[in-house]
Each structure stands twice: as structure tokens, then as C-alpha cells.
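Inspection log for the structure reproduced underneath, given as C-alpha cells.
The values are calculated or read from the model by the stated rules, or taken from the named source; none is laboratory data. Every value quoted in this text rests on a predicted model; they were computed, and no experiment measured them. Virtual Cβ from ideal backbone geometry, glycine too; neighbours counted across all protein chains shown.
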């Protein structure tokens, strides 16, 4: 049953409840998600439930448990329960996706609809930048330097954060462009959709958005890197992006004002981790422990300072395993559509992992993305029995997750303490 997902996507991305008069203030999530979960549960009762269970389900529950425990012992049980409930509602988004998407055909429909809604937002960001306002009268964000940066409503009210959905739109567009079985009209429309997303990213003037786009494109087209002609095309494309990228990209040193603020916050995060190494300082408490009431502007710093090494290791494990499992499945898949979906899923994860190095975001979209990946793995599990072995957590996985943990800490240390940027 895809109808609840369609409604959820509209309210998550376009967000008419934040600007359309008849829907203002409507608790859309509280309406759509329960209905979708009921329909989804009825759906999985008809099939083998084992295909809907992977270790990532357990890891997400463990992550919620750390949020509850860390916040309760540091701030208080009441606040701990509040934070747990907040993230449990987001976990329900994961189940909403996992339980309601059962076939590749349905997943392709969801991705196509998601792309449509993202293009609606991208169009609004462009007209907002060109003509001064978007639907609902929303005007650009004016920086202290007098610079306009495109923004959207609700959780997308920051120019760096709104890049997340534009990056996903760009990634989905690549599937329309690169699939040789698509007719020319679809491929041309794919190129148009990709360019609209790129132009919208340009108007957000986001450095993290541009860097994430380059990372995503590099990963998506990784198999072509050894072909001379495509290397030349790739270099030319990157040169074009570097030429037209946001003006702020010319100021990437730690001496630039916003970067200076960021590295101070990252250094504070490292200090908080040293002081509270296991369970951190509690969810949503970073802003209360840096002297300025600011968030970390880095998902990783926010996570390891608030949830400690235990919570952060679980967070990294979720991303690493989702990526690793899908990469392994792509090697055994004999279904072109499945391989294509796996590739775009991994590209989105790579873009998200890069973009959130510069922003803090763990809202509904994150759990939606993880749900899409889990749903794809579930579908592969039904077709390829060997997937059962692929999705088992091995000793080597634990080693790699710990390695990622220290790599992240080291890069943050280089940026915040050594200040190599």
C-alpha cells in the first residue's frame, strides 16, 4: 500500500502544512504514519516476516535505548523519555517504509514520486532566488554579509539542510540518465531534473552541498573511472562545477568567520567526549554545553558528544552495514533494476554521510532513507537466499566500525585542533 507513503512524502518534502492556509498547523505525521503502519502491518502478516528483519532493526532500537539512558542519567528521566519518544516517532518512519514497499516496481514508483516533490521544492528555491519569494511568500535567508541563500519551510529552513533533499533528487535523476534501457525522452527529462537540482543547490550557496554532490557523482559513476573518455568528461564536469559553485567555496579556510565558529564547536565536542566517553552528555544537550547555545554543525560531533562512544558506534554501524550489505548484494544481483536501486541507495547514503559533516540532521528523512535501504535488502532477501549470510554481522564489521570511529575523530581533530583547513 503506497498511498500513505505518497502523503508522507508530500508532507515531509513540500510541507504544505507550513504554508498552505487550509493545512496550517495540521499534525500530518500523527495522521499519516499510524494509518500507514496499520496497513503495512496487515501487509507483512501475509508474507514471511523473516525477510523484514535484519540486524539494522536491532541497531536502531539500541540507538533509541542509548538516547533514553544517556539523557536520563545526564538531564533527568522526564527529558530522557521526551527525547526517546521524539526519536521513536522517527523510528516509526523506518517501519512505515519497510512494511509498505514490497516490490522493486513499488520502490521505483516511490523514488519517482519523491523526485517529483523534490523538483517542486527546487523550482521554488530557484524562483525565490530570482524573484524574491517562493510559494507562501517565503523569502531567501539573508546572511550577515548581505548575501541571499535559498531556503524552504519547516525542517528545511536552513540553506545547508535543504541541500539534503536536493542531493537525493540529483541521485535519483542519475538513474534516469544512466539506465541504457530508458527511452531518450526519459533520459532527457532525467538530465533536466538533475540540472534543476544542481541549480537549486547553487542558490543555497552551500559548500557542503556542492562537496556532497561531487562525492555522490564520483561514487555513482565509479565503475567508469578507468575509461579514458569518461575520465576526461568527468574532469570537465568537475571543472564546470568548481567554476560555478557558490562564492563561499572560495573561502574554505578556518579563518573564515563561519568556519572559525564551526571548528570551535567541534573542538568543544571533542572535549565533551573526553569528559563523558561512554554515554555522552544526553540528547539535545550540546547547545547547553558550549557557551553559545549553538548546535555542532556536524552530525558526527553532535552524536559523539551527546551519546558518547557507545551511541556513536551504533550510529556508524547502521550506516556502514547498510552500505556494505547493499554493495555485497549488488555483486550477486542478476536483476538490472535491483542493481540500479542498490546503486542509487548507496549514492544517497554517501551524499548524506558527506553533507552531515557540515550540518546536524537526524529527522524523518534519515529514517526514510534507512527504511528504503532496508526495504531493498528485504526484497533481495526474498530472491537470493544467500543474502541471509550477507546480512550477518561479522567480527570484521566490528573492526571496520571502530576504524571509522577513529577516522572521524581524527578528521575532526585535524580540523578543530590542528586547524589544517
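Quick notes on this structure:
- Residue 190 falls short of the stated requirement of being closer than 25 Å to residue 362 by Cα and either in contact with a strand residue (DSSP E or B) (Cβ under 7 Å, 6 or more places away or on another chain) or outside the structural domain of residue 20 (by TED's automatic domain parsing) (or both).
- From 285, 362, 306, residue being within 19 Å of residue 57 (Cβ to Cβ) and either surrounded by fewer than 23 Cβ atoms within 10 Å (Cβ to Cβ) or in contact with a helix residue (DSSP H, G or I) (Cβ under 7 Å, 6 or more places away or on another chain) (or both): 362
- Within segment 14-32, the set of residues being surrounded by fewer than 13 Cβ atoms within 10 Å (Cβ to Cβ) and within 23 Å of residue 88 (Cβ to Cβ) comprises 25, 27, 30.
- Flag if residue 284 is farther than 24 Å from residue 401 by Cβ, in the same structural domain as residue 413 (by TED's automatic domain parsing) and within 22 Å of the chain's Cα centre (by Cα): yes
- Test: residue 334 is over 30 Å from residue 28 (Cα atoms) and touching a residue at least 40 places away in the same chain (Cβ under 8 Å): no
- Looking only at segment 91-112, and only at residues there that are crowded, with 20+ Cβ neighbours inside 10 Å and over 12 Å from residue 6 (Cα atoms), the one that is modelled with the lowest pLDDT: 102
- Total residues in segment 123-155 satisfying the condition of being over 15 Å from residue 205 (Cβ atoms) and in a helix (DSSP H, G or I): the figure is 9.
- Filtered residues of segment 181-205 (kept if part of a loop (DSSP other than H, G, I, E, B) and modelled with pLDDT under 90): 181, 182, 183
- Residue list for segment 179-199, filter: touching a residue at least 24 places away in the same chain (Cβ under 8 Å) and closer than 20 Å to residue 344 by Cα: 179, 181, 193, 194, 196, 197, 198
- Residue 312 touching a residue at least 40 places away in the same chain (Cβ under 8 Å), surrounded by 21 or more Cβ atoms within 10 Å (Cβ to Cβ), assigned by TED's automatic domain parsing to the domain that holds residue 265 and touching a helix residue (DSSP H, G or I) at 6+ places or on another chain (Cβ under 7 Å): yes
- Residue within segment 214-223 that is closer than 20 Å to residue 13 by Cα and assigned to a helix (DSSP H, G or I) present: no
- In segment 142-162, the count of residues that are in contact with a strand residue (DSSP E or B) (Cβ under 8 Å, 6 or more places away or on another chain) and in contact (Cβ under 8 Å) with a residue 60 or more places away in the chain is one or more.
- Residue in segment 44-56 that is part of a helix (DSSP H, G or I), surrounded by 17 or more Cβ atoms within 10 Å (Cβ to Cβ) and without any contact (Cβ under 8 Å) to a residue 60 or more places away in the chain present: yes
- Residue within segment 212-228 that is farther than 20 Å from residue 115 by Cα, assigned by TED's automatic domain parsing to the domain that holds residue 114 and at pLDDT 90 or above present: no
- Condition met for residue 122 (in contact (Cβ under 8 Å) with a residue 24 or more places away in the chain and in contact with a strand residue (DSSP E or B) (Cβ under 9 Å, 6 or more places away or on another chain)): no
- Residues of segment 339-375 that turn out to be under 19 Å from residue 170 (Cα atoms), over 14 Å from the mean Cα position of the chain (by Cα) and in contact (Cβ under 8 Å) with a residue 12 or more places away in the chain, as a count: 4
- Residue list for segment 376-397, restricted to those being in contact with a helix residue (DSSP H, G or I) (Cβ under 8 Å, 6 or more places away or on another chain) and surrounded by fewer than 18 Cβ atoms within 10 Å (Cβ to Cβ): 382, 383, 384, 386, 388, 392, 393, 397
- Residue that is in the same structural domain as residue 374 (by TED's automatic domain parsing) and either assigned to a helix (DSSP H, G or I) or buried (at least 17 other Cβ atoms within 10 Å of the Cβ) (or both), where the choices are 81, 10: 81
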